[in-house]
Amino acid sequence: MTSTVASYLIERLRQNDADVLFGIPGTSCAAVFAAADDAGMTTVVNSSELDAGYAADGFARMRGLGVVSVSYGVGTLSLANAVAGAFVERSAVVVVNGGPGARDLWNERHYGLLYSHSTGRPFTDLAVFKQITAFAARIERAAEAPDLIDEAIERALREQRPVYIEVPHDLWAAPCSKPARALDSSRPPSGREAELAEEIARLIGQARRPAILLGVEIARYGLAEAAEVLVTTSGLPWATTLLAKSVLAETTPGFVGVYDSDLAPKPVARLLEESDCILSLGSVFGIDHGKLVTTRHDEMLVIADGWFRIGSQVPVRAELGPLIENLAANLRRDEAAALSETPAGFESRRRWADEPTETELTHEQLYRSVDRFLDEEWIVVHDTCLGSYPSADLSVAGRNAFICCPVWLSIGHSIGAAVGVGMADRRRPLVICGDGGFQITAAGLSAMARHKLRAVVIVIDNGLYAIEQYLIEPQWYEDPKLDPLPYVGLNRWDYPALAKSMGFAYAATVTTDSELEFALADAREWDGPGLISVRMAPRDLPPENRAGL
């Protein structure tokens, strides 16, 4: 029996739980959307290529694999930002591109006739995506399609990074063989994991203040159960990065907090910055971890991306899963004694200010109200903004209940990502986005409305790119005589009216603490997407940011 190149690709994606296709159907990839529809796969037509990439990324973070397809050139190059973020933050997105056919390439070479969306340079898209994916290939013959498609999806699953598949637009309907084997995305151990676990146990046993830092690879590779066994049997205090927030339930014994940045709350900052032995498991470190990584480099035992290193020693090959299993067998301590060494418990990570006011809202009021509101019904999808800092302390329920973009730091990520999260998981997305980021991707609300996602979008409306103001000229937040930077001001939109124009039945502006509380209470009953515009004092800063001035 045979299939077509397009149907083969769709069948392989569905076999691996990628059952929603995000994108914008241009002529070069229309056959992919048609094959998806024929197979009963859900298709989500997004409002921009960037939005589609964010949606596929959000889906992949929940399901383990996502897929997006847009037009060649004009679509894919717009998509590249989202794919680069997925590469950095370990998200397995399959980029499907319909490229130029043989006749297109011939006409361009011989007549100088640019094919549709060509730059005039050969294979521009392929060259770009080779830089931001784990695997990128162009299929030239139908007979090679099954092997290359299989390799791409296996690499995406094995490395938890995006991959790129380009197929000439006139090859989608060509016949090819049907899938003949199960895909293999396993990561074979190096054979040194048991030996390394013994060495790690020895070094931790010699330390006065050892600690564990869990990273996002715990979630990406399905290692939460093994990691929970490790932290509970070892009795060691543990924290996560912001990218890895809720990889384990934050009620798990020994949890101290989220090390989101150099401005992390004192208990978790003290735990890690004063530790003489930090075991980092699957972490991705970005600019916000500068102090920790540079000052504690020699005290860190780090495994990520298939490599393990002790301090400044030369890294060696090792796989995270087998290493964690061996560590759990080696690190068995008196749990009660170990936990007594924790600088502070989960309950004291943050004491939210509890004085409601009827003036302009503050970050502290917003996040205190959201913290009270959250339960197992919600997944927080947080954007890059000043609110990223207090978001680290939100009491989310269960595992994988928090999505953000804290290493790539692309503002506007949350709107599209929430579409993907809403399509992938039964829980409801709760988006928190600054107005600057929201204005970049606001059209993404349309997909929420069309697919009746029960998302709640909170827009922090303070009228400026506040995080840029903070990073460039933070004195403005303390000196009322100063004007803001001339290039950070925003046009203050009527956000509820915009949401309603896209099909939202529920949308409101809140300006006081009590209005916010009422709006959140109402949101529990919304049967479709809704938006809450939180009018915030422009000069307000989260307490941790103000303390850093």
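Here is how the numbers come out for the structure above:
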quantity	calculated
Net charge of Cβ neighbours under 13 Å - reference LYS452; Lys, Arg +1; Asp, Glu -1	+2
Relative contact order for the chain, counting Cα pairs under 8 Å that sit 6 or more residues apart, in percent	14 percent
Lysine pairs meeting the criterion (Cα under 23 Å, 8 or more apart or interchain), as found in the chain	4
Solvent-accessible area, 1.4 Å probe, carbon plus sulfur percent, for the stretch 205-275	52 percent
Shape category assigned to the stretch 50-189 from the gyration tensor of Cα positions, a/c cut at 1.5	oblate
Rounded Å value of the spacing that divides the Cα centres of the stretch 375-423 and the stretch 480-496	24 Å
Percent carbon-and-sulfur accessible area, the stretch 477-518, ignoring ligands, DNA and RNA, probe 1.4 Å	56 percent
Average accessible area per residue (Å²) across the chain - probe 1.4 Å, nucleic acids and ligands excluded	38 Å²
Antiparallel bridge percentage (DSSP; both residues within the chain; nearest 5)	15 percent
Share of carbon and sulfur in the accessible heavy-atom surface of the stretch 1-160 [1.4 Å probe, %]	52 percent
Residues whose placed amide H lies under 5 Å from that of PHE255, excluding near-sequence neighbours	TRP238
Cβ-defined net charge surrounding ALA318, 13 Å radius [Lys, Arg +1; Asp, Glu -1]	-4
GLU151, GLU273, GLU217, reordered so the largest accessible area comes first (probe 1.4 Å)	GLU151, GLU273, GLU217
Relative contact order (percent, whole number), the stretch 240-320, Cα cutoff 8 Å, 6+ residue spacing	21 percent
Expected 222 nm ellipticity per residue - DSSP helices of 4 or more, -39500 (n - 2.57), all of the chain, to 500	-11000 deg cm²/dmol
Global form of the chain, assessed from the alpha-carbon gyration tensor, a/c cut-off 1.5	oblate
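The values are calculated or read from the model by the stated rules, or taken from the named source; none is laboratory data. From a predicted model like this one, the values you see are computed outputs, not experimental measurements. Quick reminder, even Gly has a Cβ in these numbers, built from the backbone with ideal geometry, and neighbours come from all protein chains shown. These area figures cover heavy atoms from the full protein model, side chains too; ligands, DNA and RNA do not enter into them. Shrake-Rupley method; radii C 1.70, N 1.55, O 1.52, S 1.80 Å.
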